[in-house]
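Every number here is computed from the coordinates shown, using simple stated rules; none is lab data. Quantities reported herein were computed from a predicted structural model and do not represent experimental measurements. As a convention, Cβ positions derive from the backbone with ideal geometry for all residues, glycine included, and neighbour counts pool all protein chains shown.
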Amino acid sequence: MIERADVWGEALGLAVWGLDEAGPYSATPYAGTSWHLQLHPKAYPHEYIRHGTAKRLTLFHPATGRVRVKGVTRTTNPVLHGWLKQELSAIVAALPEPSPRLDPSANRAFWASWCQGLGIQATLPAELPPLRMLLILDNLAGHKTPALVEWLLSQGILPLYTPLGGSWLNMTESIHRIIKSRALDGASPAGPQDIITWLEATARGWNAQPTPFVWAGKRQQRRQRAYARRHPVGGSAAVTKRPIRFRFKPTVPERLCA
């Protein structure tokens with residue numbers, strides 16, 4: 001069902017987003033590559049004090065590549081649900097109205113076609129709004145609280161939970177690695193607020209020129225390898241049609257080393 005959502009969801013007029021939490025990120029030096037004069041590599045402190053940790057809440061839209069990130073120190077249900085409702089309300093409000101509008105019976109059948117195997121068909125309310133969004137998220141207990149599920153359904157959002165050991169089905173896993181590496185690799189944060197600031201700033205920089213992700217599961221990737229040049233993105237089954245990372249070769253007079 002998640003693969004169907006990634007392949008056909010947007011074509012059917014449904015916004016397909018992914019939700020995930022990442023961390024904890026500790027306030028310690030992070031190894032990473034950086035440019036320095038030859039024979040003068042960056043030195044990391046050998047003594048440091050752990051000044052706490054930070055976590056990251058992420059909403060990701062693979063079709064456009066845009067990401068919504070919130071740095072926090074805790075990911076309890078009140079923190080996660082409050083932020084999630086605020087962000088999803090803004091996203092749904094910006095979506096175009098479904099056209100044509102389905103009659104109630106056809107609308108319920110459309111919902112039911114996406115609920116097969118999810119075990120939540122019995123919880124569908126009697127009056128259903130038009131289905132606007134598919135939200136892919138993992139199967140943590142906090143994501144399945146009745147109050148949150150009822151709110152999502154009332155907004156026209158259907159949650160699709162990845163199975164145990166199936167986090168690679170959520171393309172948000174890939175954007176996690178990109179933002180983390182760009183924000184923290186080679187850095188020495190002094191505290192959780194530094195980590196939060198850098199993660200959110202990196203997300204804003206990514207949104208300035210986002211890269212759309214394309215669903216290409218393992219089998220599909222093997223089939224297309226012979227005739228399509230694609231770039232796999234670590235963490236999930238996502239690929240992009242242009243590379244995320246570039247390798248630069250320094251000129252001889254200004255030779256640098258990482």
If every Lys and Arg gets +1 and every Asp and Glu gets -1 at its Cβ, then about the Cα centre the range 1-138 yields a dipole, in debye to the nearest 20, of 420 debye
Per the charge dipole of the range 2-208 (beta-carbon charges, Lys/Arg positive, Asp/Glu negative, Cα centre), the residue among VAL7, MET133, THR76 reaching farthest to the positive end is THR76
Of all lysine pairs in the range 2-208 that are eight or more residues apart or on different chains, those with Cα atoms under 21 Å apart total 9
Once normalised by the length of the range 2-208, the mean sequence separation of its alpha carbon contacts under 8 Å that are 6 or more apart gives a contact order in percent of 32 percent
Rh (Kirkwood, all Cα-Cα pairs) for the range 2-208, Å, reads 18.8 Å
Rounded to one decimal in nm, the spacing of the 7 Å Cα→Cβ label points at ALA109 and GLU87 is 3.6 nm
